[in-house]
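J.: Once you've had a glance at the structure underneath, I'll fire off some questions.
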Amino acid sequence: MNTDPWWSSENFWRKSAIFVTAFMALILIGLTFHTVSVIVAGTERVPAYAVINNRIDYVFNKERNFQVPKIGAEAPLFGKKLTESEAYDLVTLGKLTVQSKNCMNCHTMLGNGAYYAPDLTKAWLDPGWGTEASREQLMTNFLLDPVGNARTYGSGRRMPNLNITEPEAKGIIAFLKWMSSIDTNGFPANFDPIKQGEE
Amino acid sequence: MQLHAFNYSALNSGQKVAVKYFMAAMVLFAAQIAFGIIAGLQFIFPDLFFGVLDFSVVRMVHINAMIVWMLFGFLGSVYWLIEDESGAELVGAKLANFTFWIFLLAVTIVVLVYLFVQIGPGKIESIWFINEGREYIEAPRWADIGIVACMLVFFYNTAATFLKGKWSGISGVLVLDLIALAGLYMAGMFYVTNISVDQHWWWWVIHLWVEATWEVLVGCVMAWGLIKTLGARRKIVTTWLYIEVALMFGSGILGLGHHYFWIGTPEYWLTIGGFFSALEPIPLVAMVVHSVYDAGSHGFKSTNHPALAWLIAHAFGNFLGGGVWGFMHTLPQINLYTHGTQWTASHGHLAFFGAYATIIIAVIYIAIQRARGDVWMSSDIAGGWRWKWALGLLNAGVMGMTMALLVSGYEQAFTERALGGSTWTAYFAAQNAAWFVQGMNWRAIFGFVTAAGLVLLLWDMMVIGRGDSRDIQELNTGHADDNSDTGAILAT
Ligand code: HEM
Ligand code: HEM
Ligand SMILES: [Fe+2]
């Protein structure tokens, strides 16, 4: 009965489908183990939370041919040096707030989310915050009262008041600072960071 | 002579459950479009509902309604074909009904909370009870658990029914695929502070759904649909299904890497993701070839024109939205600039509509025909303009929005990403640019076209075939060859 050439044989393609699926799934699982191990916090690509104790910059790397985060001298967030576990708690408060307030249905982070408002991957380094000295205060003010501090740049588009408390705002800023230290293979490109330190 | 009223008693018990899912799906589809229109208008009139129903809330309802109506549509489709395909009565019809109501209740509560509570304090409780704040899977954790429970019941029903009856190639693929589909959802069900790890697993759900498991699920439905609407040969259809599975999983599983370019994951994903995702259009081309070949070889003769038309819209929409629009931005050299712009939204709209909305609509037309006692739904039916205009307006609307968003996306990629370096000011420089604004205006206009198409579609679904007294039998005498294929299968 089975006189079909192999390429039109149901049986051949059933086996191929199973084999290909299993093979690809195995490779993905293997790669996943590796990938997850190099993106846990405290690795080269994704720094430990205590990185918020340091200055973070985004500089061009000739070898890799794109911008990479550079962790610089000590520059504690809100002038207070934190241990890793304190830093983790603060960033966690920030991340929980980010999720609870649904920031990513207006903004993108690491480029994912919504397109109604600016990407926040490097918000900590945005030149819009003026100087290193004014940044923390301006960010806090903005998050606590985005309507009162609206800029909109002629678009009329504002961020609504999200009832963010002051501790939550600090958590968010810690989270944003930490996120700006993640090695994102050069995304966003051509980003011109805020001027920091003496140069 | 008897007119074709809806006649539920003629349906088998799987089909009765399916009808409920289909109705709920279409209500949610309407909600999706309504909220889409509002979100689109907020780009043009940023004060619209500001502080009351902010963009974030509107958008969340828009995309969540979509995910849920499509899941409902899939569940409905499987319940619709299961007795036919397995030759056995649905196991646990009561349970299926019960879970439908539970699912619907959960969705209603979730949406009410989205609309009236909206946001919570930065605590884990907010994620459990208000919203999770992660695109597409915003549903709070309690609802996630409910969804998984419903999926387990669904899975039990499906597998047990096939076990009782007979297995086929289609049902074998279907059941294995459902396990993967439900299992993947759990990859998105935990909280983590590390946003790289968060997005890594989030993409497992989103990508491995739409570019792997959903794609295979609709492949099964399509296979069954071709047999039903065209009388295509089962053996050929099944062989094609296996080929499609091999190609889809072969490219789509590692294609996941195209989301791992910029989220902190290692550089090898630039190569792996770029390479495998660039292969993803191949299975989508294969599907077009397959369905057009099948339709052509049966002379496009079908007992159900609206269903056939939507199946063809699916084949092309899947290829265009996924294959072409996906391919355009899938290489890292391009994605670096298009990532997270309206370009992405352009692709997202055409792909979800073209690949998934279309095929669910097709199955619903198949269901309507049966529910009206196998009414005639081919050429020269009364009020046939309605389904044709619905088809035309919906497709023109979505295609128009897609083109408009592509123009805006191009402007944004250029001005904000490439030149401006994605800062706050660069973002708004792009948003204010003339081409971008034009794109937003045209998107809104085509949004209304889409909405008009939907109104016609829903109207048509309620009335098509109602005034007709002919039924499929009469058609079959004119198209005897439609049956000969089925006959051939039965004979072997
Ligand atoms: C029919 C199946 C598909 C659907 C429903 C779909 C849907 C989507 C959606 C909704 C997004 C945006 C996700 C977000 O919100 O961030 C997306 C992103 C993306 N899709 Fe697809 N897609 C499909 C197939 C494909 C294919 C076949 C390719 C490649 C050939 C592709 C390439 C991409 C890429 C590269 C992105 C990332 C965009 C970015 O960087 O912002 N997609 N897809
Ligand atoms: C009346 C027509 C529609 C309008 C006006 C509309 C409008 C919108 C808007 C404004 C967004 C937010 C995009 C952003 O963040 O900037 C959005 C997102 C989205 N919509 Fe629609 N929409 C419509 C219909 C549809 C349909 C028919 C589908 C699919 C079946 C769909 C699927 C999506 C998806 C997947 C997203 C997320 C895209 C992404 O993140 O890349 N929409 N829509
Ligand atoms: Fe993808």
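The values are calculated or read from the model by the stated rules, or taken from the named source; none is laboratory data. In this text the structure is predicted, and so the values were computed from the model without any measurement. Because the Cβ atoms are built from the backbone with ideal geometry, glycine has one as well, and the counts that use them run over all protein chains shown. Calculation scope for accessible area: heavy atoms of the full protein, side chains included, ligands and nucleic acids excluded. Shrake-Rupley method; radii C 1.70, N 1.55, O 1.52, S 1.80 Å.
J.: Please report, in Å, the Rg and the Dmax of segment B:1-124, where both are computed over Cα atoms only.
T.: When restricted to Cα atoms, segment B:1-124 yields Rg and Dmax of 18.7, 66 Å.
J.: Tell me the per residue accessible area of chain B using a 1.4 Å probe; a whole number in Å² is fine. Display every interim value, and only then the final one.
T.: Working: 17020 Å² over 492 residues.
Result: 35 Å² of accessible area for each residue.
J.: I want the local charge near B:Ala433. Using Cβ-Cβ distances under 11 Å, sum +1 for each Lys or Arg and -1 for each Asp or Glu among the other residues. Working shown, then result.
T.: Working: positive: none; negative: B:Glu411, B:Glu416.
It works out to a net charge of -2.
J.: Is any helix in chain A, taking whole DSSP H runs, at least 24 angstrom long along its axis by alpha carbon and on average at least 0.0 on the Kyte-Doolittle scale, and which ones? All intermediate terms of the calculation are to be shown ahead of the outcome.
T.: On the way: long enough: A:10-39 (43 Å, 1.23).
Long hydrophobic helices here: A:10-39.
J.: Still on this structure, please answer the following. What FRET efficiency would be calculated for the residue pair A:Ala25, A:Asp145, taking the C-beta separation as r and a Förster radius of 41 Å, to the nearest 0.05? Let's see the in-between values first.
T.: Details: r = 49 Å, r/R0 = 1.21.
In this case the efficiency is close to 0.25.
J.: Considering chain A as a Gaussian network with a 10 Å cut-off on Cα pairs, which listed residue, A:Met109, A:Met24, A:Met179, attains the greatest mean-square fluctuation?
T.: Taking springs between Cα atoms under 10 Å, the residue moving most is A:Met24.
J.: Can you give the alpha-carbon Rg of segment B:138-227 over 2.2 N^0.38 Å, where N counts its residues?
T.: Working: Rg = 15.1 Å, N = 90, 2.2 N^0.38 = 12.2 Å.
Here the answer is 1.24, to two decimals.
J.: If ligands, DNA and RNA are left out, what is the accessible area of B:His347 with a 1.4 Å probe, given in Å² to the nearest 10?
T.: Its heavy atoms expose roughly 40 Å² to the probe.
J.: If you count, for every residue in B:254-265, the Cβ atoms of partner chains within 10 Å of its Cβ, what is the mean? Don't skip to the answer; put the middle values down first.
T.: Values: counts 5, 1, 4, 3, 0, 3, 4, 6, 12, 11, 13, 12.
Neighbouring Cβ atoms belonging to other protein chains average 6 per residue here.
J.: Now for a different question. Test of understanding: in a Gaussian network model of chain A with alpha carbons linked when under 10 Å, which of A:Gly72, A:Gly42, A:Gly154 would top the mean-square fluctuation ranking?
T.: A:Gly154
J.: Where Lys and Arg each count +1 and Asp and Glu each count -1, what net charge lies around A:Ala169 among other residues with Cβ under 12 Å from its Cβ?
T.: Numbers: positive: A:Lys101, A:Lys170; negative: A:Glu136, A:Asp145, A:Glu166, A:Glu168.
With Lys, Arg at +1 and Asp, Glu at -1, the net is -2.
J.: Take every residue in peptide B:56-62, count the Cβ atoms of other chains within 10 Å of its Cβ, and give the average of those counts. Working shown, then result.
T.: On the way: counts 14, 4, 2, 8, 4, 1, 1.
The shielding value for this peptide is 5.
J.: Which order do you get for A:Tyr116, B:Tyr410 if you rank them by accessible area with a 1.4 Å probe, largest at the top? All intermediate terms of the calculation are to be shown ahead of the outcome.
T.: Numbers: A:Tyr116 15, B:Tyr410 140 Å².
Order by accessible area, largest first: B:Tyr410, A:Tyr116.
J.: Once label points are set 7 Å from the Cα along Cα→Cβ at both B:Val292 and A:Trp7, what is their separation, rounded to one decimal in nm?
T.: With each label placed 7 Å out from Cα toward Cβ, I get 2.0 nm.
J.: For chain A, modelled as a Gaussian network with Cα springs under 10 Å, which listed residue fluctuates most, A:Ala150, A:Ala41, A:Ala169?
T.: A:Ala150
J.: Sort B:Tyr185, B:Tyr365, B:Tyr268 from largest to smallest accessible area, using a 1.4 Å probe on the heavy atoms of the protein chains.
T.: Details: B:Tyr185 20, B:Tyr365 0, B:Tyr268 65 Å².
Output order, biggest surface exposure first: B:Tyr268, B:Tyr185, B:Tyr365.
J.: Another question, then. Can you give the helix-only mean residue ellipticity at 222 nm for the protein assembly as shown, where every DSSP H stretch with n ≥ 4 adds -39500 (n - 2.57) and the sum goes over all residues, rounded to the nearest 500 deg cm²/dmol? Show your work: numbers first, answer last.
T.: Values: 25 runs with 426 residues, N = 691.
Value at 222 nm, helices only: -20500 deg cm²/dmol.
J.: Moving on. Could you tell me which trypsin sites (Lys or Arg not before Pro) in segment A:1-78 are loop residues by DSSP with no more than 16 other beta carbons within 10 angstrom of their beta carbon?
T.: Values: sites: A:Arg14, A:Lys15, A:Arg45, A:Arg55, A:Lys62, A:Arg64, A:Lys70; in loops: A:Arg45, A:Lys62, A:Arg64.
For trypsin sites (Lys or Arg not before Pro) across segment A:1-78 that sit outside H, G, I, E and B with at most 16 neighbouring Cβ atoms in 10 Å, the list reads A:Lys62, A:Arg64.
J.: Just need the Rg to Rh number for the protein assembly as shown, please, alpha carbons only, Kirkwood Rh.
T.: Values: Rg = 26.1 Å, Rh = 26.3 Å.
Reported Rg/Rh, Kirkwood definition of Rh: 0.99.
J.: Here is a further query. Using alpha carbon centroids, what distance separates segment A:1-75 and segment B:91-161, in Å?
T.: First find each Cα centre; the distance between them is then 30 Å.
J.: For segment A:68-199, what is Rg from Cα atoms divided by 2.2 N^0.38 Å, rounded to two decimals?
T.: Numbers: Rg = 14.4 Å, N = 132, 2.2 N^0.38 = 14.1 Å.
Output field value: 1.02.
J.: Moving on. Per-residue Cβ counts within 10 Å, from other chains only, averaged over B:32-45: what number is that? Mind showing how you got there, number by number?
T.: On the way: counts 0, 0, 0, 0, 0, 0, 0, 3, 0, 0, 2, 4, 1, 1.
Average per residue, whole number: 1.
J.: Compute the projected area of the convex hull of the Cα atoms of segment B:57-98, averaged over all viewing directions, and report it in nm² to one decimal place. Display every interim value, and only then the final one.
T.: Numbers: hull surface 13.8 nm².
Here the figure is 3.5 nm², rounded to one decimal.
J.: Amide H of A:Gly72: which non-local residues (sequence gap of 5 or more, or other chain) have their own amide H closer than 5 Å, using H built in the peptide plane?
T.: Counting only residues 5 or more places away or on other chains, the set is A:Arg55, A:Ile56, A:Asp57.
J.: How much length would be gained if the chain were fully extended between B:Trp435 and B:Ile124, taking 0.36 nm per residue of separation minus their Cα-Cα distance, in nm to one decimal?
T.: Working: separation 311, 0.36 × 311 = 111.96 nm, distance 4.18 nm.
The span from B:Trp435 to B:Ile124 would gain 107.8 nm if fully extended.
J.: Here's something else I'd like to know. Using the basic label-point model (7 angstrom from Cα toward the beta carbon), what is the B:Val324 to A:Lys80 distance in nanometres?
T.: 5.7 nm
J.: Moving on to the next point. Less than 27 Å apart at the alpha-carbon level, and either on another chain or at least 8 residues along: which lysines does that give for B:Lys164?
T.: Answer for B:Lys164, where 27 Å is the Cα cut-off: A:Lys15, B:Lys16, B:Lys20, B:Lys94, B:Lys228, B:Lys235, listed by chain and number.
J.: Can you compute the label reach from B:Ser469? Point 7 Å from Cα along the Cβ direction, backbone N cut-off under 20 Å, restricted to segment B:1-40.
T.: From segment B:1-40, the list is B:1-7.
J.: Rg over Rh of segment B:90-152, using C-alpha atoms and the Kirkwood radius, what does it come to?
T.: On the way: Rg = 13.3 Å, Rh = 12.5 Å.
Ratio value, two decimals: 1.07.
J.: Of B:Val324, B:Val455, which has the most accessible area and how do the rest follow, probe 1.4 Å? Display every interim value, and only then the final one.
T.: Values: B:Val324 50, B:Val455 100 Å².
Heavy-atom accessible area, descending, gives B:Val455, B:Val324.
J.: Mind grabbing the accessible area of A:Arg151 for me, 1.4 Å probe, Å², rounded to tens?
T.: Accessible area of A:Arg151: about 80 Å².
J.: Next up: Report the convex hull volume per residue for segment B:366-458, counting only C-alpha atoms, in Å³.
T.: Working: hull volume 10.6 nm³, N = 93.
Each residue corresponds to 114 Å³ of Cα convex hull volume.
J.: Rg/Rh for chain B to two decimals, with Rh computed the Kirkwood way over all alpha-carbon pairs.
T.: Values: Rg = 22.5 Å, Rh = 23.4 Å.
When Rh is taken as the Kirkwood radius, the ratio is 0.96.
J.: With a 1.4 Å probe and all protein chains left in place, how much of the accessible area of the protein assembly as shown comes from carbon and sulfur atoms, in whole percent? Present the calculation step by step, with values, prior to reporting the outcome.
T.: Values: 17810 of 25960 Å².
Carbon-and-sulfur percentage of accessible area, whole number: 69.
J.: Okay, next question. Where in segment B:190-271 are there GluC sites (Glu not before Pro) that are in a DSSP coil and have at most 15 other Cβ atoms within 10 angstrom of their Cβ?
T.: On the way: sites: B:Glu211, B:Glu215, B:Glu244, B:Glu267; in loops: B:Glu267.
In loop regions of segment B:190-271 (DSSP not H, G, I, E or B), the sparsely surrounded GluC sites (Glu not before Pro) are B:Glu267.
J.: So, R0 is 30 Å and r is the distance between the beta-carbons of B:Tyr8 and B:Phe155; what FRET efficiency does that work out to, to 0.05?
T.: E between B:Tyr8 and B:Phe155, to the nearest 0.05, is 0.75.
J.: Can you give the FRET efficiency for A:Val38 and A:Ile18, using 1/(1 + (r/R0)^6), R0 = 22 Å, r = Cβ-Cβ distance, to the nearest 0.05?
T.: Details: r = 31 Å, r/R0 = 1.42.
Between A:Val38 and A:Ile18 the formula returns 0.10.
J.: Let me ask something additional. Among all the lysines, which ones have a C-alpha under 17 Å from A:Lys81's C-alpha, if same-chain residues fewer than 8 places away are not counted?
T.: A:Lys170, A:Lys177
J.: Modelled label-to-label distance, B:Tyr268 and B:Trp142, 7 Å Cα→beta-carbon offset: nm?
T.: Each label point is offset 7 Å from its Cα along the Cβ direction, giving 4.4 nm.
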